[in-house]
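**Student:** I'd like to ask you about the structure that follows.
The values are calculated or read from the model by the stated rules, or taken from the named source; none is laboratory data. Keep in mind that what you see is a predicted model, and the values were worked out from it rather than measured. All Cβ positions, glycine included, derive from the backbone under ideal geometry; neighbour counts span all protein chains shown.
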Amino acid sequence: MTRTTSQLIADRTRLMGPNVSTFYDEPVHFVKGEGVWLWDADGRKYLDCYNNVPHVGHCNPRVVDAICRQASTLNTHTRYLHDGILDYIERLTGTMDASLDTAILTCTGSEANDIALRMAEAVTGKRGIIATDATYHGNTSLVSQLSKSNVPTVGFGLGQYFRFVDAPDSYRRPDPDGTGFAAKVAAQIDSLEQDGTGFAALVVCPYFLNEGFPDNPDGWLKPVADAVRKAGGMLICDEVQSGFGRTGTHLWAHEKMGVVPDIMVLGKPMANGHPVGGVVANRDIVKAFRSGYRYFNTFGGNPVSCAAAMAVLEEIETQNLVANANTVGDHARSRLTALAAKHEVIGDVRGSGLIFGAELVTDRTTKAPASDLTDRIINEMRHRGIIHSKLGRHKNTLKIRPPMPFSIENADLLFDTLDDVLTKANK
Ligand SMILES: Cc1ncc(COP(=O)(O)O)c(C=O)c1O
């Protein structure tokens, strides 16, 4: 059955229920993707400047081929012996600090964060978890408590174990060496210890992508990591968005931020759209978890998923995609900085590698967020064939996070269009 756009919208509500979100005032119906390009049902071509799941490009031939080959050979689960999962974990952990030597594969980042929280409980014997107040880490009953904006009126009473600290904001509340953030976390640790909950872990995305990717300098997480360790807790780095070379300077953003996490969480780009997530930790931590909880995941780590994930690692390496992210990211930042000199509405330019964007404000002195304008800009860009989004506490930060093969020419098309859209929006 082929539906028109309005039928698709109506049938989504009829068949999927209310509050199923879509992007844009006029949702897009994509039917095809290739590299950094997408096509809608009318054959219109769009430049994808947003999607990080097709990390090595939409329908990447190496990944498609790996999936097809393994799917036409065998697909079972991890209760049977299989080389694929071992080869993959060995290669993945081989890119990390030696302490991160053991992994559990899942199907989503939410499941992986759920395991990470339970690992912290198994190791510390405590349940108190700290996160920032503008983040998102997933949707299980436990993990959804980490999103302050989500904290529901229901939730099995789990909310009592969670505490929040102000998300870092390099534009409005500079904290150039991270000691301010560390002090806030230390205060919450004390509060958890005093009320008898005890402190188990701090969970952060090392580059704070959901929070609006503040311009924290390299090494910024060191003070907070010290505070966490001093209190006997665990540092969980959720690299679901920041990992696999996104920031351009390192394969893993925690390296950029100067720390080695106790537990690392992976997802989204891991298998280019095939559903794969994972938790990586030291084998003693994994042992404590596996002794405390019986854990089996029917689909996690299946041979097809491992083949897809392995192909992503190979593609990142053979195509030098981390270096590409660095080069194109530098170019993007300089184009954005030039746009900021021209457009008063751009209050701040941020990013590293292929996560970059700008915060839009109505007044550079008060830094009042231009949230409505930001919304209009991303909708207009969509009509011009450029796909990106917005995020941050005030939803006024342009979020640009394209597939990793994004080129300088692609960036120029994006910024030439943005320049024109900003010029017209201000007339
Ligand atoms: C940082 C971060 N962690 C975890 C998740 C959850 O991943 P998933 O949707 O695969 O469960 C997300 C999803 O947006 C995320 O941004």
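**Student:** Out of the residues in the stretch 4-51 that are within 22 Å of Pro403 (Cβ to Cβ) and of a type in the set (Lys, Arg), which is surrounded by the most Cβ atoms within 10 Å (Cβ to Cβ)?
**Tutor:** Among them, the one singled out is Lys32.
**Student:** Only one of (1) outside the structural domain of Leu413 (by TED's automatic domain parsing); (2) part of a loop (DSSP other than H, G, I, E, B); (3) free of Cβ contacts under 8 Å to residues at least 12 places away in the same chain is not met by Cys68, so which one is it?
**Tutor:** Single failed check for Cys68: (2).
**Student:** While we're on this one: Pairs under 6 Å by beta carbon, first residue assigned by TED's automatic domain parsing to the domain that holds Arg393 in the stretch 199-225, partner within 12 Å of the ligand (Cβ to nearest atom), six or more apart or different chains?
**Tutor:** none
**Student:** If I go through the stretch 9-27 residue by residue, how many of them are at pLDDT below 95 and either closer than 18 Å to Cys59 by Cα or among the aliphatic types (A, V, I, L, M) (or both)?
**Tutor:** Total meeting the criteria: 3.
**Student:** I've got another one for you. Would you point out which residue out of Arg294, Arg290 is farther than 24 Å from Ala66 by Cβ, surrounded by fewer than 22 Cβ atoms within 10 Å (Cβ to Cβ), more than 15 Å from the ligand (Cβ to nearest atom) and at pLDDT 95 or above?
**Tutor:** Of the residues listed, the single one that is farther than 24 Å from Ala66 by Cβ, surrounded by fewer than 22 Cβ atoms within 10 Å (Cβ to Cβ), more than 15 Å from the ligand (Cβ to nearest atom) and at pLDDT 95 or above is Arg290.
**Student:** Out of curiosity, is Ala201 buried (at least 24 other Cβ atoms within 10 Å of the Cβ) and of a type in the set (A, V, I, L, M)?
**Tutor:** The answer is yes for Ala201.
**Student:** Right, next: With buried (at least 20 other Cβ atoms within 10 Å of the Cβ) and in contact with a Ser or Thr (Cβ under 8 Å, 6 or more places away or on another chain) as the only criterion, which of Ile386, Ile377, Ile408, Ile400 stands out?
**Tutor:** Ile386
**Student:** Among the residues of the stretch 191-242, write down those that are acidic (Asp, Glu), within 16 Å of the ligand (Cβ to nearest atom) and part of a loop (DSSP other than H, G, I, E, B).
**Tutor:** Glu211, Glu239 - these are the residues of the stretch 191-242 that are acidic (Asp, Glu), within 16 Å of the ligand (Cβ to nearest atom) and part of a loop (DSSP other than H, G, I, E, B).
**Student:** Are there any pairs with C-beta distances below 9 angstrom linking a residue in the stretch 267-285 that is outside the structural domain of Ala201 (by TED's automatic domain parsing) to a residue that is at pLDDT below 95 and away from the ligand (no atom under 11 Å from the Cβ), with the two at least 6 apart or on different chains, and if so which?
**Tutor:** As it stands, the answer is none, since no pair meets every condition given.
**Student:** Take residues that are at pLDDT below 95 and tell me which of the strands (runs of 3 or more DSSP E) falling wholly in the stretch 330-427 contain 3 or more.
**Tutor:** It comes to 389-391.
**Student:** Could you pull out the residue among Ala41, Ala98 that is more than 23 Å from the chain's Cα centre (by Cα), away from the ligand (no atom under 16 Å from the Cβ) and closer than 30 Å to His388 by Cα?
**Tutor:** So the residue among Ala41, Ala98 that is more than 23 Å from the chain's Cα centre (by Cα), away from the ligand (no atom under 16 Å from the Cβ) and closer than 30 Å to His388 by Cα is Ala41.
**Student:** List every residue pair whose Cβ atoms lie under 6 Å apart, where the two residues are 6 or more positions apart in sequence or sit on different chains, the first residue falls within the stretch 122-144 and is of a type in the set (Phe, Trp, Tyr), and the second residue, located anywhere, is assigned to a loop (DSSP other than H, G, I, E, B).
**Tutor:** Tyr136/Ser147; Tyr136/Asn210
**Student:** Let me ask another. Would you mind telling me which numbered condition in (1) closer than 25 Å to Leu251 by Cβ; (2) modelled with pLDDT under 95 Asn113 fails?
**Tutor:** (2)
**Student:** Look at the stretch 133-151 and say how many of its residues are away from the ligand (no atom under 11 Å from the Cβ) and at pLDDT 90 or above.
**Tutor:** 5
**Student:** Restricting to the stretch 176-206, count the residues that are within 25 Å of Asp218 (Cβ to Cβ) and out of contact with any strand residue (DSSP E or B) (no Cβ under 8 Å at 6 or more places or on another chain).
**Tutor:** 7
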